[in-house]
1. Out of the residues in the stretch A:174-206 that are loosely packed, with under 15 Cβ neighbours inside 10 Å and of a type in the set (Gly, Ala, Ser), state the one that is farthest from ligand 2 (Cβ to nearest atom).
2. Assess whether A:Arg151 counts as being within 13 Å of chain B (Cβ to nearest Cβ) and either within 16 Å of ligand 1 (Cβ to nearest atom) or part of a helix (DSSP H, G or I) (or both).
3. Kindly indicate which of A:Ser27, A:Ser47 is within 22 Å of A:His201 (Cα to Cα) and within 16 Å of ligand 1 (Cβ to nearest atom).
4. Mind listing just one residue for me: the one in the stretch B:3-58 that is surrounded by fewer than 24 Cβ atoms within 10 Å (Cβ to Cβ) and of a type in the set (Ser, Thr, Tyr) and, of those, farthest from the chain's Cα centre (by Cα)?
5. Quick one: count up the residues across the stretch A:10-35 that are within 16 Å of ligand 2 (Cβ to nearest atom), crowded, with 19+ Cβ neighbours inside 10 Å and in a loop (DSSP other than H, G, I, E, B).
6. In the list A:Asp175, A:Asp168, A:Asp120, which residue meets the criterion of being more than 10 Å from every other protein chain (Cβ to nearest Cβ) and closer than 23 Å to B:Gln226 by Cα?
Amino acid sequence: MKNNLPIIELNHIYYRYDRENVLEDVSLRIEKGAFLGIVGPNGSGKSTLLKLILGLIKPQKGTIKLFGEEIKHFRDQQKIGFVSQKANSFNSGFPATVYEVVASGLTKKMGLFRFLRKQDEDKIVKVIKSVGMQQFMNRNIGELSGGQQQRVFIARALVSEPELLILDEPTVGVDAENVQSFYEMLEDLNQTGITLLLVTHDIGAISDKVTNVACLNKGLFFHGTSSEFEEQKIKGISEIYGHDVHLLSHEHHEGAHT
Amino acid sequence: MISGILQYEFLQNAFLSGIIIGAIAPLLGVFIVVRRLSLIADALSHVTLAGIAASLFLGKYSTFFLGLNPMYMGMAFSVGGAVLIEKLRTVYKHYQELAIPIILSGGIGLGVIFISLADGFNTDLFSYLFGSVSAVSRADLWTIIIISLFVVLTVVLIYKELFLLSFDEEYAKATGIAAKSIHFIFIVMVALVIAASMRIVGILLVSSLMTLPVAASIRIARGFKQTILFSVIFGEASVLGGLFLSYYLDLAPGGTIVMIAVLILILTVLLKKLVSGRAV
Ligand SMILES: Nc1ncnc2c1ncn2[C@@H]1O[C@H](COP(=O)(O)OP(=O)(O)OP(=O)(O)O)[C@@H](O)[C@H]1O
Ligand SMILES: [Mg+2]
């Protein structure tokens, strides 16, 4: 059913910002067509892992391949769409319309010194419609609610028609009803063949949507299909994590990385 | 005044350079303001002052510098300061804005030393500080024209990269565009425009021409392109209005231009209040 070509390959990754390792010996393969949910407590290195994959930082040890290519030779960034955890904390007074923000998702794909053509404009409008934001197209982004802004950032990630979509806690600040329809949208995208990588705290909400689950806490404590994950979960979540953590509560910040 | 413009070369120089600067200073100003780098213009203008003072000082001892337009030395210092700011920003990763006051104070310090070495203020230096209509030479005008052509062409060509970098720096880097080079080109353009603007508005007021029209525009514009358009219109209105008023009332052009920009800003704030008040 699924093509077994790995889209992302991490081999024995070590990363530290200062002295302490944030990631330790993480190896992970993500195959084409997968919908991988990455879970883990605050400070467990989830966002760091994504930054490594996006090439924003470089590992001290280990290798990363994207679409079969060493990351330092990888130039097809338009194949990757990215919605960051901090999308909600951009400069909210920025005077840009929804249309302009989504259009900026085509920057890399178009290349230097190129201007928007008619078919690009059609594509932008189409993707804005697909996230249900057409009536806000000419609104300034700062005038939208957090959840609406998040849809715009997803449209920006989708407009270059990526093969891999990476999302870092995209549902923070989105209300429960919209979270549900948001996950359904991701499921649909996955059905069309896009590989998805989703970081979330909300294990419960996604376990029936994702195909694979990875549990991260400095090291990778579990990686398997979602049904394997369900079996493990019965055995107790703390075993999966390596030590006792409060997965579903967002308050337990400290302690997580000490 | 129209007849004056036709008659006197210095008035032609002043008006043409005013018209150009009234457009390009706010054009770059939009990117500066949305990236929250407003103080960079202040820092670089003080570095420019140091360069000009250095040039005037050296002019006392060397005929080469006496013959050289001090604007060039100011420009060299300004670009050097811009490069230094970039270096410092990577040193202070978590306090990037610290780079600006460091360069600002360095610029003032160096400027004051050169001014005292050059035996204090003379009228020439004074015209650089506050701007002057009569000080713009044909050579200045040509320099301003060349810089502006370079700036406008560059902004048009790398507009979408500049936009992305301004809106979301992390995302820009993740998409793999040459974020570092684009930012570098941008800051060099800012340095050049500051050096070019100072003849008219003066070093102390350059940053106002880059930020005040944008501050007004951002209140009422919808979208980024409109913000640029309104900023340029407001900048142009301030420069033209300021030059006319200063000519007839015999005021310092720099101050008059800036006060008109302030007036426009107040009017837009009031207008916005009025409109949104009615909507409620
Ligand atoms: N820029 C940075 N400089 C230094 N340390 C950092 C930096 N970013 C993250 N860290 C540290 O690295 C560790 C992992 O952070 P990371 O952001 O990857 O966690 P996370 O799993 O995404 O957490 P959350 O669920 O809160 O988003 C934390 O201990 C954090 O303090
Ligand atoms: Mg995170």
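1. If we take residues in the stretch A:174-206 being loosely packed, with under 15 Cβ neighbours inside 10 Å and of a type in the set (Gly, Ala, Ser), then A:Gly193 is farthest from ligand 2 (Cβ to nearest atom).
2. Details: within 13 Å of chain B (Cβ to nearest Cβ): no; either within 16 Å of ligand 1 (Cβ to nearest atom) or part of a helix (DSSP H, G or I) (or both): yes.
Spelling it out, it is not the case that A:Arg151 is within 13 Å of chain B (Cβ to nearest Cβ) and either within 16 Å of ligand 1 (Cβ to nearest atom) or part of a helix (DSSP H, G or I) (or both).
3. Just a single option satisfies the conditions, and that option is A:Ser47.
4. The selected residue is B:Ser3.
5. The number of residues fulfilling the criteria is 0.
6. None of the other options fit; the residue is A:Asp120.
Yes/no per residue for (1) within 18 Å of B:Thr175 (Cα to Cα); (2) small (Gly, Ala, Ser):
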site	(1), (2)
A:Gly111	yes, yes
A:Arg139	no, no
A:Leu158	yes, no
A:Glu169	no, no
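Each row is one residue, and each column tells you yes or no for (1) surrounded by fewer than 23 Cβ atoms within 10 Å (Cβ to Cβ); (2) outside any loop (DSSP other than H, G, I, E, B); (3) more than 8 Å from chain B (Cβ to nearest Cβ); (4) at pLDDT below 95.
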{"position": "A:Gln78", "(1), (2), (3), (4)": "yes, yes, no, yes"}
{"position": "A:Phe94", "(1), (2), (3), (4)": "yes, no, no, yes"}
{"position": "A:Val101", "(1), (2), (3), (4)": "no, yes, no, no"}
{"position": "A:Ser104", "(1), (2), (3), (4)": "no, yes, no, no"}
{"position": "A:Lys108", "(1), (2), (3), (4)": "no, yes, no, yes"}
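The values are calculated or read from the model by the stated rules, or taken from the named source; none is laboratory data. Remember, predicted model here, so these are calculated numbers, not experimental data. For neighbour counting, all protein chains shown are included, and Cβ atoms are generated from backbone atoms with ideal geometry for every residue, glycine included.
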